[in-house]
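Here is the structure we will look at.
The values are calculated or read from the model by the stated rules, or taken from the named source; none is laboratory data. Because the structure is a prediction, the values reported are computed rather than measured. Reconstructed Cβ throughout: ideal geometry from the backbone, glycine too, with neighbour counts over all protein chains shown. With ligands, DNA and RNA removed, areas are computed over all heavy atoms of the protein, side chains included. Shrake-Rupley method; radii C 1.70, N 1.55, O 1.52, S 1.80 Å.
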Amino acid sequence: MSNNKPVKSAGTSAEEIISWGKSHNIETCFDRAEKLKPCPIGETGACCRVCHMGPCRLIGKNAEEEAKGVCGAGVATVAARNFLRMIAAGTSAHSDHARDMANTLLEVATGETKDFRIKDVEKLYKVAGILGIEFEGRPVNDVAKDVAESFLQDFGRQNGELNYCKRAPRKTQERWKKYGITPRGIDREVVETMHRTAIGVDHEADHLLTHGLRTALADGWGGCMISTDISDILFGTPKPIKAEASFGIFREDEVNMVVHGHEPTLAEAIVDVASKPEMIEYAKSKGAKGINIGGMCCTANEVLMRHGIPTAGGFTNQELGIMTGLIDALSVDVQCIMPAITEVAKKFHTKIITTSPKAKLYGATHIEHDEHHPNKTAEEILKLACDNFPNRTTKGSHITKKSPLIGGFSDEYIEYMQGGKWRGSYRPLNDAIMAGRVRGVVGIVGCDNPRVTATGIHKYLVRELIRNDVLVLSTGCSSAACATEGYLTPEMALENAGPGLREVCEAIGIPPILHLGSCVDNSRILTIATNMAAEGGLSDEIAGMPAVGIAPEWMSEKAIAIGCYFAASGVPVIMGGESPVGASREVTKIMTEVWMERYMGALHFEQDPEKILDMALDYIDNARKYLKLRKYEPGKFGTERVLMDMAARREIKAAAHAGVGGIDESES
Ligand code: SF4
Ligand code: MSK
């Protein structure tokens with residue numbers, strides 16, 4: 001597959017809207033990406049602007065050896081410092097989200113917020129157990145209060161280590177200790193990154209990058225994991241659920257209300273309030289038949305995973321969604337919201353509503369999320385959407401295509417589906433990998449990007465990986481890219497997966513690409529890898545597993561933080577696009593060779609999708625060799641324990657009904 005852009009988006013409906021926009025003179029990120037080429041100096045990390053003697057551009061034939069900034073900093077220092085600041089920004093984004101979630105949990109526990117309640121008590125107890133908080137015989141809200149306060153300590157902790165470091169395999173923790181990257185407090189690591197990268201502080205690339213990994217681990221095992229767990233506690237741990245994706249999710253005869261951004265809190269209230277009879281009546285009074293909630297980006301993933309709310313797609317679909325002319329109101333919270341959406345909205349009737357005290361947009365209406373009364377805020381937003389319905393015109397690129405999907409694969413459900421509530425384990429997956437039915441596991445995550453044929457590299461890679469018997473775990477806009485193309489269905493396995501993976505998917509009844517949720521839910525992949533290590537038969541730590549992470553179209557600094565926490569946890573990671581440290585061979589070598597020696601993880605940047613695929617398969621095959629597993633050969637499998645087929649599951653269920661344990665189909 002070539003990375004030359006034949007079309008702007010690999011989504012057929014997206015491409016249709018882009019053409020419609022062109023003929024109506026509406027500019028999008030695709031046009032701007034064409035007009036505005038990246039600065040080659042900044043793109044490769046060679047521009048330093050951390051002090052006002054600069055900016056210093058370290059360029060020239062022998063820049064790495066000779067170029068110096070006014071202070072004397074060389075290319076390696078500058079590239080590493082720039083990279084660290086990306087990690088800090090990404091970590092801050094996920095972790096500030098986590099802080100808000102912890103505060104919401106505290107407010108629910110203390111009764112300050114009454115619109116939410118603890119939905120998943122079992123998950124609360126599981127988390128309390130990990131945190132060492134007594135839960136048996138105590139009121140649920142008391143336990144929740146202790147859990148929230150314990151998480152809040154992770155932000156300001158000055159010494160020791162994050163609560164969740166202990167969730168990692170013991171050997172993984174030992175590696176972190178050996179190389180001094182065990183994170184202490186989330187805020188502390190971020191502040192130290194900003195300090196070290198200021199003018200005149202830390203200048204050795206390896207020393208800088210080591211702290212970068214500590215900061216990234218505070219993101220993965222802190223911010224992201226805390227966000228995921230509190231969302232599950234408050235709103236329910238996901239289990240498989242049907243939904244739909246692409247622009248055809250918008251309805252001509254209903255109020256279309258879209259939630260966009262990353263946080264689940266207000267979106268949950270909007271979903272809840274939209275189903276209330278009085279709100280539906282209100283919509284009807286405006287001439288609509290009802291209210292249709294849709295999502296974009298990761299707020300979409302949050303409500304899709306728990307309620308089956310349909311998604312219009314990922315990052316590059318946000319302007320295009322408005323161009324359908326069918327969105328009556330689009331509420332945004334934080335992260336990945338293009339400021340351009342208000343410009344596009346001006347050409348239609350769509351109201352853009354900002355809701356976070358942290359994020360405003362020129363040209364938007366601000367209705368601030370009242371954290372103590374989320375339903376009141378939701379009602380105000382929904383009424384505004386309903387009031388706007390009569391203003392809809394026929395203008396827009398009306399698309400009817402939508403694809404079915406199955407989402408909702410939490411790590412808890414993945415464990416359950418491999419044996420049921422009482423026998424849930426990772427044994428069948430580990431066995432399938434050992435026998436060569438499943439060659440390995442790849443997490444494909446991160447953004448879609450208008451600098452390439454948007455969503456195209458995601459689609460190419462998932463197709464090729466499952467054809468090669470690789471189980472794909474997906475999150476964020478990668479999931480959205482797959483969803484809009486109809487890839488997140490069990491049928492995908494029948495039609496496209498290699499023989500071994502197909503057999504496994506059929507036996508368990510799952511798609512070959514498992515949608516794990518939003519960007520913060522990449523923490524679920526860490527948990528899955530940890531569970532695989534604990535199960536035995538493969539590696540006894542995350543490092544050395546036949547597993548790879550790929551973010552082929554990343555654009556956000558958050559993706560850099562994610563890539564680094566996977567690398568530090570022992571997973572080789574391949575990111576697409578030009579390397580942001582490409583100006584420095586020294587920094588590149590540290591991230592690929594030195595990190596591989598220390599952590600058995602690495603961070604590569606590779607633009608060619610075919611090379612990304614080859615690298616991923618090579619890593620998997622080398623890990624198989626390292627673990628002394630049988631050589632992967634398509635269609636040839638070794639002996640393994642028997643997978644749970646439907647007959648076996650029925651047998652266990654019958655036993656459960658007879659009172660001897662087994663699957664309870666009503667629970668997950
Ligand atoms: Fe230039 Fe050094 Fe200042 Fe960076 S810190 S802008 S390299 S003088
Ligand atoms: S939304 S960070 S564009 S994945 Fe999580 Fe998508 Fe990337 Fe934002």
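Data for the structure
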item	result
Extreme residue, surrounded by the fewest Cβ atoms within 10 Å (Cβ to Cβ), among residues of segment 430-466 that are in a helix (DSSP H, G or I) and among the small types (Gly, Ala, Ser)	Ala435
Matching residues, segment 235-263, being within 17 Å of Ala480 (Cβ to Cβ) and either free of Cβ contacts under 8 Å to residues at least 40 places away in the same chain or β-branched (Val, Ile, Thr) (or both)	Ile241, Ile249, Val258, Val259
All strands (runs of 3 or more DSSP E) inside segment 231-298 with 2 or more residues being not assigned by TED's automatic domain parsing to the domain that holds Ala378	241-245
Search result, residues across segment 177-201 that are among the charged types (D, E, K, R) and either in contact with an Asp or Glu (Cβ under 8 Å, 6 or more places away or on another chain) or closer than 13 Å to Cys165 by Cβ (or both)	Lys177, Arg184, Glu189, Arg196
Number of the condition not met by Asn82 [criteria: (1) more than 30 Å from Thr228 (Cβ to Cβ); (2) open to solvent by less than 50 Å² (accessible area, probe 1.4 Å); (3) not hydrophobic (A, V, I, L, M, F, W, C)]	(1)
Residue check for Ala46: among the small types (Gly, Ala, Ser), surrounded by 21 or more Cβ atoms within 10 Å (Cβ to Cβ) and outside the structural domain of Glu192 (by TED's automatic domain parsing)	yes
Pair list, Cβ under 9 Å, 6 or more apart: segment 444-463 residue assigned by TED's automatic domain parsing to the domain that holds Glu319 and under 16 Å from Ala14 (Cα atoms), other residue open to solvent by 10 Å² or more (accessible area, probe 1.4 Å) and in a helix (DSSP H, G or I)	none
Segment 96-108: number of residues that are within 12 Å of His372 (Cα to Cα), open to solvent by less than 40 Å² (accessible area, probe 1.4 Å) and not acidic (Asp, Glu)	4
Sole exception among (1) over 18 Å from Pro428 (Cα atoms); (2) open to solvent by less than 70 Å² (accessible area, probe 1.4 Å); (3) at pLDDT 95 or above for Leu627, by number	(1)
Scope segment 352-405; condition assigned to a strand (DSSP E or B) and open to solvent by 40 Å² or more (accessible area, probe 1.4 Å); matching residues	Thr365, His366, Pro404
Number of positions in segment 307-325 that are touching a Gly at 6+ places or on another chain (Cβ under 6 Å) and either away from ligand 2 (no atom under 16 Å from the Cβ) or among the aliphatic types (A, V, I, L, M) (or both)	6
Any hit, segment 321-328, residues being farther than 23 Å from Gly476 by Cα, among the acidic types (Asp, Glu) and touching a His at 6+ places or on another chain (Cβ under 9 Å)	yes
Any hit, segment 341-350, residues being among the β-branched types (Val, Ile, Thr), open to solvent by less than 20 Å² (accessible area, probe 1.4 Å) and either closer than 22 Å to Glu281 by Cβ or in contact with a Lys or Arg (Cβ under 7 Å, 6 or more places away or on another chain) (or both)	no
Whichever residue in segment 488-525 is open to solvent by 10 Å² or more (accessible area, probe 1.4 Å) and within 16 Å of ligand 2 (Cβ to nearest atom) and, among such residues, is nearest to Trp221 (Cα to Cα)	Ile525
Entirely in segment 476-570, the helices (runs of 4 or more DSSP H) that have 1 or more residues that are without any contact (Cβ under 8 Å) to a residue 40 or more places away in the chain and among the acidic types (Asp, Glu)	490-496, 499-508
Lone qualifier among Ala73, Ala63 - being near ligand 1 (Cβ under 10 Å from one of its atoms), in contact (Cβ under 8 Å) with a residue 60 or more places away in the chain, surrounded by 14 or more Cβ atoms within 10 Å (Cβ to Cβ) and small (Gly, Ala, Ser)	Ala73
Pair list, Cβ under 8 Å, 6 or more apart: segment 157-168 residue more than 7 Å from Trp221 (Cβ to Cβ), other residue open to solvent by 50 Å² or more (accessible area, probe 1.4 Å)	Arg157/Arg188; Gln158/Arg188; Asn163/Gln153
Any helices (runs of 4 or more DSSP H) falling wholly within segment 49-160 and containing at least 1 residues that are within 24 Å of Thr237 (Cβ to Cβ)	75-110, 121-131, 140-156
Scope segment 22-40; condition over 29 Å from the mean Cα position of the chain (by Cα) and surrounded by 12 or more Cβ atoms within 10 Å (Cβ to Cβ); matching residues	Lys22, His24, Ile26
Filter pass, Ala243 being more than 16 Å from the chain's Cα centre (by Cα) and within 16 Å of ligand 1 (Cβ to nearest atom)	no
Odd one out for Cys56 among (1) away from ligand 1 (no atom under 12 Å from the Cβ); (2) more than 29 Å from Gly456 (Cβ to Cβ); (3) touching a strand residue (DSSP E or B) at 6+ places or on another chain (Cβ under 6 Å)	(1)
Asp232 vs. criteria over 22 Å from Thr77 (Cα atoms) and at pLDDT 95 or above	yes
Cβ pairs under 6 Å, 6+ apart, first in segment 606-629 and farther than 10 Å from Pro552 by Cβ, second basic (Lys, Arg)	Ile620/Arg439
Any hit, segment 329-341, residues being without any contact (Cβ under 8 Å) to a residue 60 or more places away in the chain, polar (S, T, N, Q) and touching a strand residue (DSSP E or B) at 6+ places or on another chain (Cβ under 6 Å)	no
Unique match (being more than 27 Å from the chain's Cα centre (by Cα) and in a helix (DSSP H, G or I)) among Asp206, Asp202, Asp187	Asp206
